[in-house]
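Trainee: Take this structure first; my questions come after.
Throughout, read-outs are computed from the coordinates displayed, never taken from laboratory work. Since the structure is predicted, the reported quantities are computational estimates derived from the model, not experimental observations. We place every Cβ from the backbone using ideal geometry, glycine too, and count neighbours over all the protein chains shown.
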Amino acid sequence: MTVYRLRVVIAGISPLIWRRLEVAAGTTVAGLHAIVQAVFGWSGEHLHRFVIGGSEYGISYLGGPGRRPAGSPRRPSATRGRTVRL
């Protein structure tokens, strides 16, 4: 089985907060979401997004899209969420 080692970083936080994860190659973004929630001790109460290869996944602001391809315009945001860079 192929396993990927990821360094998950919360963007815009000082001091740096990060975790090293090993996940199966077949893990979906939804599965990765559940893993990240568990390793950071979160319970799903905050807005968040993943940035993977320049594309954004998740909801980082109210009314935000589930996926935004790299380079597409971002809607204005009054609420900041957590950004996890992979």
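Trainee: Can you compute the modelled spin-label distance between V39 and I52, with each label point 7 Å from Cα toward Cβ, in nm?
Mentor: Those two pseudo-labels are separated by 1.3 nm.
Trainee: Hey, can you grab everything whose amide H is under 5 Å from the amide H of T27? Only 5+ residues off in sequence or another chain; H modelled, so Pro and N-termini drop out.
Mentor: Amide H to amide H, under 5 Å and 5 or more residues apart or across chains, T27 pairs with nothing.
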